[in-house]
Amino acid sequence: MIQNGIQDVMKRHPIIPVVTLNSAEEVKQIAQKLLAQNIHCAEITLRTDYAMEGIQLMQQQFPEIEVGVGTIINKEQVEQVKALGVKFMVSPGSTPALIQVMQDSGIPHLPGVVTPSEVIQGMEMNLRYFKFFPASIFGGLETLKAYGQVFPQCYFCPTGGLNADNHQEFLSQKNILCVGGSWMLK
């Protein structure tokens with residue numbers, strides 16, 4: 001099984017907003033801001049105590065937004081978000097154990113990678129779609145251009161340091177299906 005459905009998510013949403021929620025008011029404000037920009041997707045991070053409640057509220061009040069969850073770092077989080085019925089999961093990094101739990105969940109997922117060894121390790125587990133994070137610290141566009149030569153069968157969603165001025169340049173690369181960031185929320 002090669003990452004059930006994540007390719008479809010990435011192709012449907014070339015821009016995946018990375019969202020941190022702290023309150024119900026923010027859910028509404030952020031959802032309205034995204035919809036006004038014709039963005040129908042959000043990766044809600046598990047960085048706050050309100051995140052799980054915010055995920056549920058966004059799914060209930062804004063069903064036209066495809067809600068995914070980011071900052072997945074352990075099995076317990078995978079189980080929690082599976083119970084919420086999220087559309088996809090994203091991790092900032094990956095281990096064989098985390099990848100296996102994400103694969104077993106049946107939820108489309110993007111494991112995080114930075115190094116060639118991490119990409120190869122993912123490929124050994126039948127992965128071809130990855131989050132590249134933090135892009136700006138680890139060579140950004142130049143690294144992903146090189147990865148396009150070395151790993152032509154792999155596709156990436158870079159996040160970390162992307163903005164309104166540079167995201168289109170990233171999207172112009174054939175091995176980059178989508179980008180993540182928070183510039184559209186400012």
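The values are calculated or read from the model by the stated rules, or taken from the named source; none is laboratory data. Model, not experiment: these values are computed from the prediction. FYI the Cβ positions are ideal-geometry reconstructions off the backbone, even for glycines, and counts take in every protein chain you see. Ligands, DNA and RNA are stripped out before the accessible areas are found, and what is left, the full protein with its side chains, is counted by its heavy atoms. Shrake-Rupley method; radii C 1.70, N 1.55, O 1.52, S 1.80 Å.
Give the shape of region 80-186 as rounded, prolate or oblate, defined through the alpha-carbon gyration tensor: a ≥ b ≥ c are the square roots of its eigenvalues, a/c under 1.5 means rounded, and otherwise the shape is prolate if a/b is larger than b/c and oblate if not. Present the calculation step by step, with values, prior to reporting the outcome.
Values: a/c = 2.07, a/b = 1.24, b/c = 1.67.
Oblate shape, in that a/c is at least 1.5 and b/c is the bigger or equal ratio.
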* Asked: Which whole-Hz ³J(HN,Hα) couplings does region 109-117 yield from phi under the Karplus relation 6.51 cos²θ - 1.76 cosθ + 1.60, θ = phi - 60°, glycine and proline marked x?
  -> 9, 10, x, x, 9, 9, 8, x, 4
* **Sum of -39500 (n - 2.57) over DSSP H runs of 4+, divided by residues of the chain (222 nm, nearest 500)** => -12000 deg cm²/dmol
* For region 155-163, Karplus couplings with θ = phi - 60° (6.51, -1.76, 1.60), whole Hz, Gly/Pro x -> 10, 10, 10, x, 9, x, x, 7, 8
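Rounded to the nearest 0.05, what FRET efficiency do residue 149 and residue 4 give with R0 = 30 Å and r taken as the Cβ-Cβ distance? Could you check?
About 0.65, to the nearest 0.05.
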* Take residue 60, project a point 7 Å from its Cα along the Cβ direction, then tell me which residues of region 80-95 have their backbone nitrogen under 20 Å from it. => 80-88
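Please label the shape of the chain as rounded, prolate or oblate, based on the square roots a ≥ b ≥ c of the eigenvalues of the alpha-carbon gyration tensor (a/c under 1.5 means rounded; beyond that, a/b larger than b/c means prolate, else oblate). Walk me through the numbers on the way to the answer.
Working: a/c = 1.90, a/b = 1.26, b/c = 1.50.
Oblate shape, in that a/c is at least 1.5 and b/c is the bigger or equal ratio.
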* **In nm, spacing of pseudo-spin labels at residue 28 and residue 40 (7 Å Cα→C-beta vector)** => 2.4
* **Distant-in-sequence amide H partners of residue 19 (H built 1.01 Å from N, under 5 Å)** => 43, 44, 45
* Asked: Hey, what's the chain come to in accessible area per residue, 1.4 Å probe, Å²?
  -> 46
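Need one word for region 1-47: rounded, prolate or oblate. Basis is the Cα gyration tensor (sqrt eigenvalues a ≥ b ≥ c); a/c below 1.5 gives rounded, then a/b vs b/c decides. Numbers along the way, then the final one.
Values: a/c = 3.61, a/b = 1.66, b/c = 2.18.
Here region 1-47 falls in the oblate category.
What is the gain in length, in nm to one decimal, between residue 48 and residue 182 on full extension, counting 0.36 nm per residue of separation less the C-alpha to C-alpha distance?
On the way: separation 134, 0.36 × 134 = 48.24 nm, distance 1.60 nm.
Between residue 48 and residue 182, full extension yields 46.6 nm more.
Are any of the pairs 87/131; 75/186; 11/145; 131/174 more than 21 Å apart by Cα-Cα distance, and if so, which?
Numbers: 87/131 16 Å; 75/186 32 Å; 11/145 19 Å; 131/174 15 Å.
The answer is 75/186.
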* To do: Taking amide H positions as placed in the peptide plane 1.01 Å from N, state which residues far from residue 155 in sequence (5 or more) or on other chains have amide H under 5 Å from it.
  => 129, 130
